[in-house]
Amino acid sequence: MSSSILIKNGRVIDPAGTIDRQADVLIRNGLISNMSGKGQFEDAAVDQVIDAEGMTVCPGLIDLHCHLREPGQEDKETIKTGSEAAAKGGFTTICCMPNTKPPIDTAAAVSYVNSIAARDSAIRILPIGCITKNRKGEELAPMYELAQAGVVGFSDDGSPVIDASLMLRAMQYAGPLGLPIIEHCEDLLLSGGGLMNEGDLANIFGLPGIPAAAEEIMVARDILLAKNTGIHIHIAHISTRGSVEIVRFAKKLGIKVTAEVTPHHLTLTETAVAGYNTNAKVNPPLRRDDDVQSLIEGLNDGTIDLISTDHAPHTTSEKEQEFGLAPAGISGFETALSSLLSLVHQGKMEMVKLIEAMTVAPAGILQGRFGKLGTLSPGSIADVTIFDPNREWRVDASSFISRGKNTPLHGKTLKGKVIITISRGEVVYRLDP
Ligand code: DOR
């Protein structure tokens, strides 16, 4: 029997219900029981009262794109450590990419992840299945079987599907299954060997560059294939101005495209690579300020639908290699919301928009198949995140729960901190006082 909780005195933001006001939230039996004006539930008999004075109360964050590394690379992360790190970051639902070892390209692999998640995770973990067998881009994975096993979409993330005719066929299969194709957009011949964003800085650092066109060509290709098949294409980790413009145009044409952007692409530029900082090496690479502005604009005007972390933990020894050898990726769960709040503090984004992009918008991609998520409306699942938007803290990667200490934010001061995360009506994370 789950406990009943009263969260009182908080600023409740529920973009799904266009709510942004002081209110109290009552949780019973794992569900949001009710919401009312401040003080109205004062007499309710509950097991626990949380005083959220000065804090923001919102639906539990949903991450459509992360890497949990299990099975096969448990030195980088496990489902247990990844889910605990996610809960610390305010996430109550996370979708894990299939570039594990072996990859999630069979129903057995999906069942494996689901069984470990059921044993080790206090939050919801939803696997994404491969588009192609072994992510090799040669032969389709058993997509029907994967769908039956419960994947929430298909992706070869980390790699694109280079063969356009194979991608076309993948889309033809995904359509009737009602699941999105989530594409890592990268033309490998154009990006070939690149290590950071192409441009003056790459020249100064003497590092081979990755041109914006490597991403944009694939964004355009996949959108055209989606137009032809009528299926839903979801563009992963969009990073350039050109990609934003292409998605904007495609949406005007009524093509079923959605797009996500990461916290690091919204808040950092290629300059973070200075000093050959491998913790800022990520794929797609951090871009220029002009791209960052365009990504923010895209999110604000609805061109970009949502924010995903692309949490990509790697071991310290791998990241301590020379720049060219270090794997790409940023450990993002534990800094995501805090770093994004800088956009709100700087007046570049409304708080409601930020929360929308991390709750109801990703919930939309899940199409209600896991119950009512991403909202605090009565009857929805009691996944709730409580954060203090003004609490300052210094990022210390060594204190991350994630096994991946690879963050370019180490040592930086961020403003905004998750205080409590509630999953299915149970407190699964609470910041030490
Ligand atoms: O930087 C990245 N790391 N980008 C990806 O697409 C994959 C990810 C990983 O798996 O490490």
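Throughout, read-outs are computed from the coordinates displayed, never taken from laboratory work. Please read these numbers as outputs of a predicted model, since none were measured by experiment. Reconstructed Cβ throughout: ideal geometry from the backbone, glycine too, with neighbour counts over all protein chains shown.
Please give the contour-minus-distance gain from Lys415 to Asp75: 0.36 nm per residue of separation, less the Cα-Cα distance, rounded to one decimal in nm.
Taking 0.36 nm per residue and subtracting the Cα distance, the gain is 119.3 nm.
Compute the projected area of the convex hull of the Cα atoms of the range 206-255, averaged over all viewing directions, and report it in nm² to one decimal place.
3.6
Which one, Leu286, Gln73, Ala170, projects farthest toward the positive side of the charge dipole computed for the chain from Cβ point charges (K/R +1, D/E -1)?
Result: Ala170, furthest along the dipole toward the positive end.
What would the Debye equation give as log₁₀ I(q)/I(0) for the range 24-114 at q = 0.12, 0.13, 0.16, 0.24 Å⁻¹, counting only Cα atoms as equal point scatterers?
Reported log10 I(q)/I(0), two decimals: -0.56, -0.62, -0.76, -1.21.
What does the extension gain come out to for Asp47 and Gln172, with contour length at 0.36 nm per residue minus their alpha carbon separation?
Gain on stretching Asp47 to Gln172: 39.9 nm.
Please check the chain for the longest run free of GluC sites (Glu not before Pro) that are loop-located per DSSP (anything but H, G, I, E, B) and have at most 13 other Cβ atoms within 10 Å.
Details: sites that count: Glu42, Glu53, Glu138, Glu139, Glu320, Glu322.
Within the chain, the longest run free of exposed GluC sites (Glu not before Pro) spans 140-319.
Assign unit charges at the C-beta atoms only (+1 for Lys and Arg, -1 for Asp and Glu), then state the dipole size of the range 325-420 relative to its Cα centre in Debye, rounded to the nearest 20.
On the way: 11 positive and 7 negative charges, 30 e Å.
Rounded to the nearest 20 debye, it is 140 debye.
Using the crude model of +1 on Lys and Arg Cβ and -1 on Asp and Glu Cβ, and no other charge, please compute the dipole size for the range 273-399 relative to its Cα centre, in debye to 20.
Taking the Cα centre of the range 273-399 as origin, the dipole is about 220 debye.
Report relative contact order for the range 330-433 in percent, whole number only (criteria: Cα-Cα under 8 Å, sequence separation at least 6).
30
For helix 164-177, what angle does its Cα long axis make with the longest principal axis of the chain, in degrees from 0 to 90 and rounded to 10?
Relative to the chain, helix 164-177 is tipped by roughly 30 degrees.
Let me know the charge dipole size of the chain about its Cα centre in debye, to the nearest 20, where only the beta-carbon of Lys, Arg (+1) and Asp, Glu (-1) is charged.
580
Mean residue ellipticity at 222 nm from the helices of the chain, using -39,500 (n - 2.57) per DSSP H segment of n ≥ 4 over the full residue count, to the nearest 500 deg cm²/dmol?
Calculated mean residue ellipticity at 222 nm is -8500 deg cm²/dmol.
Report the dimensions of the range 166-222 along its three principal axes from the alpha-carbon atoms, largest first, rounded to Å.
49, 16, 15
With point charges of +1 on the Cβ of Lys and Arg and -1 on the Cβ of Asp and Glu, referenced to the Cα centre of the range 318-431, which listed residue (Leu343, Ile422, Leu376) lies farthest in the positive direction of the dipole?
The residue sitting most towards the positive pole is Leu376.
Semi-axes of the chain's equivalent ellipsoid from the Cα gyration tensor, sqrt of 5 times each eigenvalue, largest first, rounded to whole Å? Kindly include the intermediate steps, with their values, before the conclusion.
On the way: eigenvalues 218, 119, 88 Å².
That gives 33, 24, 21 Å for the three semi-axes.
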